[in-house]
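> Dropping a structure here in structure tokens format, bear with me for questions.
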Amino acid sequence: MSQVRIGVLLSIAVLVILSSALFGPRTIMPFNLSDIDREILVSVRLPRVLVAFLMGMALGASGAVLQGILRNPLADPYILGISSGASLMAALGIIGGFTFLGPVTVPVLAFTGAVVTGGLVGIMGWKRGGLWPERLLLAGVGLSFLFSALLMLMMSISTDEGLRRAMLWIFGDLSMSEWSRIPYGLAFVAAGILLPVTRAKALNALILGDEFAHSLGFSPQRERVILFISVGLLTAASVSLGGMIGFIGLLIPHIMRFFLGADNRLLIPASALGGGSLLCIADLISRSLLPPMELPAGVVTAIIGAPYFLYLLRRKDVLSI
Amino acid sequence: MLPIKKIIVIIVLTLFVMYCSVSAADPATVPRRIVSLAPSMTEIMFALGLGDNIVGVTTFCDYPEEAKKKPKIGGMSNPSLEAVLSLKPDIVVMTTDGNPKEFADRLQSLHIKTFISTARRLHDLPAGIKELGRALGTKERSDRLAKEIEDGIAAFKRREDTSPTKVPAKVLFIVWPEPLIAAGPGTVIDDAISLLGDENISGSAKTEYPKFSIEEAIRRSPDVIVIGKGSGMDMRAVSKGILKRLSSVPAVKQGKVCYLGDSLYRLGPRVIKGIEELAECLR
């Protein structure tokens, strides 16, 4: 039964990827390509669709894992401050106009900010030889406030022009997606998803309590560290791929729980596929609605995702981690 | 002399005297201390010879050089009321293109005189300068400056009209390369491109500075790409990525990519120079 459901999600994902590549401001007919269509398809749309899918996968999967580690239904990849740290570094690069690494300067800065912040949250959350969910959460919220304030400070003293550019990045921007970003994005996202999938049984046990996990033969502290590292990798990869896109990390895991239950062996891959599909659709809408203008993908994600989530919330009964 | 004639003469004389006293600027009402809340207004006032009367400017007012030395009152969208008040201005010069309306309301409620320019487009500029000149008591100079700009615009128009065989070039004006932001409809840049008889490929967008679709930029195949100035940035370096992505469009293939100053970003006395620079690019 579960294989069937994952199969359905997988086919939806393939369908979404194909249609996102063919539709857009103008529809491209795959069997009758003009030179310009081929160029747009190959060097603009395909990399963009793949980056969107990877980013959505990273967000969905890391949300599912994080809600488990923190035993909190409101946890999402951004609550740990990782994205605020990444945004701060990215905004620094954008407003300061740094180009020392060429076109990948801002993504690399964002990735660095995310990894450093993840490390800080880990240090703050570490006590008595292990990571503790409450401490991680509070450390993340604290750092998040600090970095958001620094970001606001930087934005309020920057020029209107720099501010606008930074805002566009922070709202999520997939327009700069290139083939060159896909290998490293794929590497981080694959590692970040495979790691928790192989530890899914341990995560299931952790949700029921440290003692329970211990009685099943898992070391709660060791599992938490591994899972936390995978969340950090996924969040850092997603932020450096396309900025900040909300909603997916928080609500896709819940939507998947409505359909598939809370078993993380299924939930993590399902949240990845669901997140990838949603972000692809949202990006398709954001670039097709008002051509030649593009809307921020993050806004569209929440506008189509939130009503669906609320509808499910009314219809279904359970809401648990 | 008939009394009726006498009365008419008296009325005419009175009206004449009244007219003279109104038109000759009353030194008491000419503002001595001016605060400017927009770089474009600062530039216009310097051009009108009012540089010494400007006592406060925004942090973005960087032209002419002397403007940088004036006391700062904050940004365009977030000026400090306290800083403005402490400069004891006779008049605060603002624009609807960037200053918040609430700020004007606050100043007016504190009985501070304001001049609010509503000029946003190229063809609004001469009238806007004249109006400002009336408010600041520099009618003659502002009429002259307005005339210069009007003549400049008319000259470009004539040049365009006398070459009817010209094929309009498709132009992409990049305001910022990553993410790609173009100059769209309703901007001075768009006005300048159409004045020169060329076509802005983002003229059909819905906003002034749209985040522009890269695939549409490729499809609309611009003949010329103009890259605007970002404050304090090396635009050649930051534009490398986008030019690589647009490498198949005629503009990049034929090397018709040029970098412009900031003259067209401000609706002020330098627009004509800006249009000349743009015309140079589009030739």
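> Can you grab the distance from the C-alpha centre of the range B:72-150 to the C-alpha centre of the range A:67-97, Å, no decimals?
Going from one Cα centre to the other spans 42 Å.
> Looking at this model, which pairs from B:Lys147/B:Lys206; B:Lys157/B:Lys229; B:Lys170/B:Lys211; B:Lys69/B:Lys101; B:Lys72/B:Lys206 are more than 23 angstrom apart at the alpha-carbon?
Cα-Cα > 23 Å for B:Lys147/B:Lys206; B:Lys157/B:Lys229; B:Lys69/B:Lys101; B:Lys72/B:Lys206; rest within.
> At 1.4 Å probe size, what's the solvent-accessible area of A:Leu310? Round to the nearest 10 Å².
Its heavy atoms expose roughly 100 Å² to the probe.
> Taking the Cα centre of chain B as origin, sum charge times position over the Cβ atoms of Lys and Arg (+1) and Asp and Glu (-1), and report the length of that vector in debye to the nearest 20.
Taking the Cα centre of chain B as origin, the dipole is about 80 debye.
> Let me ask another. When each pair of different Cα atoms in the range A:68-147 is counted once in the 1/r mean, what is the Kirkwood radius in angstroms, to one decimal?
Value: 13.1 Å, from the Cα pair sum.
> Same structure again: Averaged over peptide A:172-181, how many Cβ atoms belonging to another chain are found within 10 Å of each residue's Cβ?
Neighbouring Cβ atoms belonging to other protein chains average 3 per residue here.
> Give the accessible surface of the range A:236-321 per residue, rounded to a whole number of Å², with probe radius 1.4 Å and ligands, DNA and RNA excluded.
35
> Using per-residue counts of other Cβ atoms within 10 Å, averaged over each peptide, order A:28-35, A:59-66, A:266-273 from highest down.
A:59-66, A:266-273, A:28-35
> Based on DSSP, what percent of beta bridges with both residues in the protein assembly as shown are antiparallel, to the nearest 5?
Roughly 25 percent of the beta bridges in the protein assembly as shown run antiparallel, per DSSP.
> Ok, one more. Provide a whole-number value for the mean count of partner chain Cβ atoms within 10 Å of the Cβ atoms in peptide B:217-228.
Average neighbour count from other chains, rounded to a whole number: 2.
> Hey, another quick one. Take every residue in peptide B:174-182, count the Cβ atoms of other chains within 10 Å of its Cβ, and give the average of those counts.
Neighbouring Cβ atoms belonging to other protein chains average 5 per residue here.
> Suppose we keep just the alpha-carbon trace of the protein assembly as shown; what are its Rg and Dmax in angstrom?
Over the protein assembly as shown's Cα set, Rg and Dmax evaluate to 30.0, 125 Å.
> Report the Cα centroid-to-centroid distance between the range A:132-147 and the range A:169-188 in angstrom, as an integer.
Taking the Cα centre of each part, the range A:132-147 and the range A:169-188 sit 27 Å apart.
> From the P(r) of the range B:120-170, can you give the percent of Cα pairs sitting at distances over 19 Å?
Cα-Cα pairs in the range B:120-170 separated by more than 19 Å: 41 percent.
> Counting only protein heavy atoms and a 1.4 Å probe, tell me what percentage of the protein assembly as shown's accessible area is made up of carbon and sulfur.
Result for the protein assembly as shown: 66 percent of the exposed heavy-atom area is carbon or sulfur.
> Rounded to the nearest 100 Å², what's the accessible area chains A and B bury against each other, both chains counted, probe 1.4 Å?
Between A and B, the summed buried area is about 3100 Å².
> According to a simple spin-label model (label point 7 Å from Cα along Cα-to-Cβ), what is the distance in nm between A:Asp317 and B:Lys166?
Here the answer is 7.5 nm between the modelled labels.
> Could you derive backbone 3J(HN,Hα) for the range B:86-98 from the dihedral phi with the Karplus parameters 6.51, -1.76 and 1.60 (θ = phi - 60°), listing whole Hz in sequence and x where the residue is Gly or Pro?
Couplings: 5, 8, 6, x, 7, 8, 10, 9, 10, 9, 6, 9, x Hz.
> Per 0.36 nm of contour for each residue apart, how much would the distance between A:Ser215 and A:Leu153 grow if the chain were fully extended, relative to their Cα-Cα spacing?
Full extension of this stretch gives 17.4 nm more.
> Something else about it: For the range B:186-271, what are the per-bin percents of Cα-Cα distances with bins 10 Å wide, up to the bin holding the maximum?
Answer for the range B:186-271: a P(r) of 15, 48, 34, 2 percent.
> Taking springs between alpha-carbon atoms closer than 10 angstrom, which of A:Pro183, A:Pro107, A:Pro196 fluctuates most in the Gaussian network model of chain A?
A:Pro183
> So for the range A:102-245, what percent of the C-alpha to C-alpha distances run longer than 21 Å?
Considering the range A:102-245, 53 percent of its Cα-Cα pairs are separated by more than 21 Å.
> Round to the nearest 10 and report in Å² the accessible area of A:His214, as given by a 1.4 Å probe over the protein chains' heavy atoms.
120
> Would you kindly calculate the mean projected area, averaged across all directions, of the convex hull enclosing the Cα atoms of chain A, in square nanometres?
The Cα convex hull of chain A, projected and averaged over all directions, gives 17.3 nm².
The values are calculated or read from the model by the stated rules, or taken from the named source; none is laboratory data. These numbers were taken from a predicted model, which means no experiment stands behind them. Please note: Cβ atoms are built from the backbone with ideal geometry, for glycine as well, and neighbour counts cover all protein chains shown. What goes into the accessible areas is simple: the full protein's heavy atoms, side chains included, and nothing from ligands, DNA or RNA. Shrake-Rupley method; radii C 1.70, N 1.55, O 1.52, S 1.80 Å.
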